[in-house]
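Report on one structure; see the data block that follows.
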Amino acid sequence: MQTTISNEFLTVTIDTHGAEVVSVKNSKGEELIWQADPAIWDRHSPVLFPWAGRLANGELVHNGKHYSGGQHGFIRDLEHILKQNNGISAQLMFRADEETKTLRFPFDFEFTSVFTLDGHTLHHEVHVKNCGDENMRCGIGFHPGFNIPFDENHTTTDYEIRFEQEESPIILDCLPHGLLSGKSFYQWKNKNFRRSRSVTPVGTAQRDAANAGCASCRKLNLKKTGINLLTNWVRENIMQTTNPQT
């Protein structure tokens, strides 16, 4: 099932399967989100949970029991419940069930996604609640794809991803199967990182991902020839993991 929120600037469609944004259109009707071409990448903007990346040997081990786990977790592949839609904000929720706890991830949790429009900005919040009685280690990742170029007058080289300030992030090297090698290096040390990082078209990346650490900024922007198009991928304290016994 799909649900839509909108204002005078943006129209956003969210699929309850994975609580995934599948469309963001501006007032001109231009589609900003990648449209899941199966020949290249068959997703739009999945959320990754309870881990991002791959697990060692493809499995999670907890209290001696082994749980098979694929890349980027499983929350993106499950049906979520639409809890609320007031026209400009929508809330979806998934609660762990016996199948997930037995086969995938041995913890009881609630995963809530909140999408809210505020002018030209779409805010996407994720809240994770530990409903069990033991500590739950987990991770969250956001994996949006953008439908660049947005019009016939531009190419992918007209776009770039910029940090809000100069950065010298440490790149964490990955092995071919996706796990960290233990090595790290600077790729943009003491440079204006905002101007040295271009957008890589979907389907052309040589690496599955670039893992950058030690960045201090809180916002990323997607820009076209100096014009700010999409902003506020904000790093916040969005994960709330609670333990009832502590």
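Worth a mention:
- Enumeration of residues in region 34-68 that are at positive phi and part of a loop (DSSP other than H, G, I, E, B): A36, G53, N63, G64
- Among the conditions (1) surrounded by fewer than 16 Cβ atoms within 10 Å (Cβ to Cβ); (2) farther than 22 Å from L222 by Cα, the only one that L55 does not satisfy is (1).
- Selection count, region 82-131, where residues are β-branched (V, I, T) and in a helix (DSSP H, G or I): 2
- P144 vs. criteria part of a loop (DSSP other than H, G, I, E, B), out of contact with any Pro (no Cβ under 6 Å at 6 or more places or on another chain) and at pLDDT 95 or above: no
- Restricting E79, E125 to those that are under 16 Å from V21 (Cα atoms), modelled with pLDDT under 95 and either charged (D, E, K, R) or over 21 Å from the mean Cα position of the chain (by Cα) (or both) reduces the list to E125.
- Test: residue in region 131-147 that is surrounded by 14 or more Cβ atoms within 10 Å (Cβ to Cβ), of a type outside the set (K, R), in contact (Cβ under 8 Å) with a residue 40 or more places away in the chain and more than 30 Å from E59 (Cβ to Cβ): yes
- Of residues in region 85-118 being aliphatic (A, V, I, L, M) and in contact (Cβ under 8 Å) with a residue 40 or more places away in the chain, the one nearest to H17 (Cα to Cα): L92
- Residue tally, condition of a type in the set (G, A, S) and in contact with a strand residue (DSSP E or B) (Cβ under 6 Å, 6 or more places away or on another chain), over region 48-78: 4
- For region 109-119, the criterion of a residue being of a type outside the set (A, V, I, L, M), surrounded by 14 or more Cβ atoms within 10 Å (Cβ to Cβ) and closer than 20 Å to F9 by Cα is satisfied by at least one position.
- Screening Q206 against (1) at pLDDT 70 or above; (2) under 28 Å from G70 (Cα atoms); (3) more than 19 Å from the chain's Cα centre (by Cα) leaves a single unmet condition, (1).
- Of all residues in region 64-95 being buried (at least 20 other Cβ atoms within 10 Å of the Cβ) and of a type in the set (A, V, I, L, M, F, W, C), the one that is farthest from F49 (Cα to Cα): A90
- Scanning region 147-164 for residues that are more than 19 Å from the chain's Cα centre (by Cα), under 19 Å from S45 (Cα atoms) and not in a strand (DSSP E or B) turns up P149, F150, T156.
- Hits in region 10-33 (condition: assigned to a loop (DSSP other than H, G, I, E, B) and surrounded by 14 or more Cβ atoms within 10 Å (Cβ to Cβ)): T16, G18, A19, L32
The values are calculated or read from the model by the stated rules, or taken from the named source; none is laboratory data. This structure is a prediction, so every number in the text was calculated from the model and none was measured. Don't worry about glycine lacking a Cβ; one is built from the backbone with ideal geometry, like all the others, and counts go over all protein chains shown.
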